[in-house]
Structures are given as structure tokens and as C-alpha cells.
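Following: one structure in C-alpha cells, then a few remarks.
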Amino acid sequence: FNNGVFRGTVYAEDGYFNGTVRADKILGDVVTAKTVSVAARTVSGNTTIASASVVGNRQKSATLMVQGLSIIAVAVGGQTSGGSYQDMGAWISGNLEVLNTAGAVVASVPFKVSDTGFGKSLPVSISAGFPAGTSAATITVRVASVMSYSGGGGAYTRIDIPAQSVVFMLVPQGSQFL
């Protein structure tokens with residue numbers, strides 16, 4: 001039996017489909033997810049960290065999201081010649097941002113770390129999303145508006161991006177959460 005037409009209700013325990021399944025309504029949370037590997041690296045300025053795109057012409061409006069991408073802002077003070085240990089300051093500030101398809105910022109986590117001693121670091125992470133509707137869409141996570149100062153004597157600043165797997169999700173409207 002190769003083809004079948006059913007009218008009414010079909011009850012089944014399990015099943016497998018090879019091909020496309022189309023339905024007007026599926027109860028339960030149906031989410032599409034993609035994992036993107038981010039390599040460890042150090043950056044000093046505005047940098048795109050990861051992005052993902054989805055195709056358009058979806059039947060249901062959806063939200064495009066990113067979960068838990070992290071960076072570490074680092075500032076280490078320096079020492080002047082003949083000065084006391086670590087007497088030169090350093091600071092770095094900026095934003096970890098999520099952008100929508102048009103490049104507009106939809107979420108931003110500001111950061112600032114400063115040091116005149118042995119060094120300080122500040123972990124920063126972001127999870128956010130935006131309504132993508134049914135059109136093609138792109139979500140991007142970047143470090144932006146980076147400003148830094150290091151007073152010399154070996155003082156420095158940087159942004160470390162740890163190796164991580166970043167999860168992007170497309171969540172259709174109509175969640176079954178109560």
C-alpha cells in the first residue's frame with residue numbers, strides 16, 4: 001500500500017516520515033535549532049562573533065533567538081618606570097549586542113572593567129531574540145562600541161571570546177506553555 005487518503009481522525013503510537021510533513025496545527029513546541037561553533041580568539045575592537053539565517057515563506061510567524069553567547073572583557077594595569085607595582089590604569093568598555101536582519105540592535109549588554117592592580121576580568125553573556133515574522137531573517141551577535149585605555153608600563157586590555165557552541169533557535173508562535 002503506497003498511498004492513502006484519510007478523512008477524520010487518525011490515531012497512531014509512533015511513525016516515521018521520509019519527506020515533508022505539512023500540518024495546519026501541531027500541538028507541542030516545535031522549535032528549529034542550529035548550533036554554531038565559535039573558535040576561541042582575542043579581539044580588541046568591534047567584531048561579529050556569530051550569526052545565523054533562516055529562509056522565508058514559513059507558514060507561521062516566528063521569533064529568531066540566540067542563547068547564551070559569552071565574552072570576557074579583560075583589563076590589566078601596568079607599572080611606570082620607578083613607580084609602584086601596577087600603578088598605571090587600564091579600562092575597556094563596550095556592548096555585547098544582538099542585531100536583527102536590518103542591522104538594528106534588539107538587545108545590548110553593556111560592559112566596563114578597569115584595573116590598576118593585578119588584572120580584572122568580567123564575563124558577559126547575552127540571550128535575546130526578535131520577531132522574524134514569516135520572512136527570511138538573520139540574527140547577528142557582535143561586540144561593539146569598544147573603547148579602551150591603557151596607561152602604559154605594560155598595561156593592556158582585550159576581549160576574549162572563549163570557544164563555545166552557540167545555539168540559534170526559530171520558535172514559532174503558538175507555544176503550548178500555560
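The values are calculated or read from the model by the stated rules, or taken from the named source; none is laboratory data. From a predicted model like this one, the values you see are computed outputs, not experimental measurements. Cβ sites come from the backbone with ideal geometry, for glycine too, and all protein chains shown count toward neighbours. Note: areas computed on protein heavy atoms with side chains; ligands, DNA, RNA excluded. Shrake-Rupley method; radii C 1.70, N 1.55, O 1.52, S 1.80 Å.
Give me the 1.4 Å probe accessible area per residue for the chain, excluding ligands and nucleic acids, in Å².
63 Å²
Mind listing the long-range amide H neighbours of Ala107? Cut-off is under 5 Å, sequence gap 5 or more, other chains count too, H placed in the peptide plane at 1.01 Å from N.
Under 5 Å from the amide H of Ala107 lie the amide H atoms of Val98, each far enough along the sequence or on another chain.
Compare Thr63, Thr20, Thr80 in a GNM of the chain, Cα atoms joined below 10 Å, and give the one with the largest fluctuation.
Per the Cα network of the chain with a 10 Å cutoff, Thr20 tops the list.
Would you mind calculating the relative contact order of segment 19-178 from Cα pairs under 8 angstrom and at least 6 residues apart, reporting the percent as a whole number?
Contact order relative to length: 41 percent.
Relative contact order of segment 2-108: what whole-number percent is it, with Cα pairs under 8 angstrom and at least 6 residues apart?
10 percent
Test of understanding: in a Gaussian network model of the chain with alpha carbons linked when under 10 Å, which of Val143, Val98, Val109 would top the mean-square fluctuation ranking?
So, out of Val143, Val98, Val109, the one fluctuating most is Val109.
Amide H to amide H under 5 Å from Gly133: which residues, 5+ apart in sequence or cross-chain, H placed 1.01 Å off N in plane?
The answer is Ala62.
Quick check: Cα centre of segment 1-55 to Cα centre of segment 61-129, how many Å?
Using only Cα atoms to place each centre, the spacing works out to 33 Å.
So which residue, out of Val113, Val76, Val21, gets the largest mean-square fluctuation from a GNM of the chain using Cα contacts under 10 Å as springs?
Residue with maximal mean-square fluctuation among Val113, Val76, Val21: Val21.
How many percent of the alpha carbon pairs in segment 94-164 exceed a separation of 18 Å?
50 percent
Using only Cα atoms, what Kirkwood radius does the chain have, in angstroms?
19.4 Å
Using a Cα-Cα cut-off of under 27 Å, which lysines could be cross-linked to Lys25, ignoring same-chain neighbours fewer than 8 residues away?
Lys34, Lys60
Of all the accessible heavy-atom surface of the chain, with the other protein chains kept in place and a 1.4 Å probe, what percent is carbon and sulfur?
Whole-percent figure for carbon plus sulfur exposure: 51.
Please work out the FRET efficiency for the pair Phe118 and Ala163, using the Cβ-Cβ distance as r and a Förster radius of 25 Å; give the result to the nearest 0.05.
0.50
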